[in-house]
1. So, in the stretch 163-203, of the ones that are without any contact (Cβ under 8 Å) to a residue 24 or more places away in the chain and crowded, with 16+ Cβ neighbours inside 10 Å, which residue ends up nearest to LEU42 (Cα to Cα)?
2. Residue by residue through the stretch 22-71, note down the ones that are assigned to a strand (DSSP E or B), at pLDDT below 90 and not polar (S, T, N, Q).
3. Before we move on, is SER144 within 16 Å of PHE93 (Cβ to Cβ), assigned to a helix (DSSP H, G or I) and in contact with a Leu (Cβ under 8 Å, 6 or more places away or on another chain)?
4. Scan the stretch 102-132 residue by residue and report those that are within 12 Å of the chain's Cα centre (by Cα) and touching a residue at least 60 places away in the same chain (Cβ under 8 Å).
5. Quick one: what pairs do we get from the stretch 73-98, first residue in contact (Cβ under 8 Å) with a residue 60 or more places away in the chain, second among the polar types (S, T, N, Q) and surrounded by 11 or more Cβ atoms within 10 Å (Cβ to Cβ), C-beta under 7 Å, 6+ apart or different chains?
6. Determine if the stretch 79-87 includes at least one residue that is aliphatic (A, V, I, L, M), part of a helix (DSSP H, G or I) and either out of contact with any Lys or Arg (no Cβ under 7 Å at 6 or more places or on another chain) or within 24 Å of LEU196 (Cβ to Cβ) (or both).
7. Regarding the stretch 119-140, can at least one residue be identified that is modelled with pLDDT under 90, out of contact with any helix residue (DSSP H, G or I) (no Cβ under 9 Å at 6 or more places or on another chain), surrounded by fewer than 18 Cβ atoms within 10 Å (Cβ to Cβ) and under 18 Å from ARG43 (Cβ atoms)?
Amino acid sequence: MESQYKASNNGGVESGANTAHGRESEVAVANKRNLRGWDFVLRLLALVLCLTAAIVLGVDKQTTTVPVSLVPTLPPVNVPVTAKFHYLSAFTFLVVANAIACAYAAISLLLALANRGGKKGLSLLVMILDLAMVALLFSAVGASLAVGLIGYKGNSHVRWDKVCNVFGRFCHQVAASIALTGAGAGAFFLLVILILFNLHKRY
């Protein structure tokens with residue numbers, strides 16, 4: 001009787017331990033799936049934001065007329081002038097940076113699907129590339145903001161006149177592209193944090 005009691009008691013403990021272990025594994029799998037879902041969503045969001053930013057600035061063009069006074073005694077002459085993104089190297093850098101980040105986001109989506117097993121080496125490589133995209137996009141945003149502020153306010157010290165009062169629509173599209181690029185960089189930064197959190201939980 002005593003041996004039967006011990007056997008049933010041990011069996012109950014083992015079954016309870018197995019049940020608890022099963023619940024922990026189910027929670028771990030659910031958390032892993034949630035992290036993968038967020039990884040996919042953020043990468044897709046970064047792709048859309050960078051692609052939109054590149055298109056908004058890439059098609060940015062405005063032609064307007066500016067009165068130019070050739071002789072003080074004569075009335076001013078209206079001269080047509082055009083603003084395009086590639087006239088300024090900072091805006092060209094912004095378009096190229098967004099194109100690179102967009103292409104990388106598409107490739108990283110394929111890498112994320114291929115890394116379903118969660119290999120540490122591949123995860124570290126993707127994290128390093130994500131950090132590179134963050135640095136690239138933020139540097140492009142900084143350069144474009146510096147040029148954009150000069151266009152918006154001018155600089156009286158070097159006698160640079162503001163131009164956004166003339167090319168209003170052009171400047172608005174530039175501002176929208178800079179904002180979208182900043183949001184894309186933020187999405188890549190969140191991806192870096194997500195990968196670090198995942199690696200910390202696993203190792």
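The values are calculated or read from the model by the stated rules, or taken from the named source; none is laboratory data. Remember, predicted model here, so these are calculated numbers, not experimental data. With ideal geometry, Cβ positions are generated from the backbone for all residues, glycine too; neighbour counts draw on all protein chains shown.
1. GLY186
2. Once the filter is applied, which keeps residues that are assigned to a strand (DSSP E or B), at pLDDT below 90 and not polar (S, T, N, Q), the stretch 22-71 yields VAL66, PRO67, VAL68.
3. It is true that SER144 is within 16 Å of PHE93 (Cβ to Cβ), assigned to a helix (DSSP H, G or I) and in contact with a Leu (Cβ under 8 Å, 6 or more places away or on another chain).
4. ALA105, ASP130, LEU131
5. Sorted first by the residue in the stretch 73-98, then by its partner, the pairs are VAL81/THR64; ALA83/GLN62; PHE85/THR92; PHE91/SER144; LEU94/SER144; LEU94/SER177; LEU94/THR181; ASN98/THR181.
6. no
7. yes
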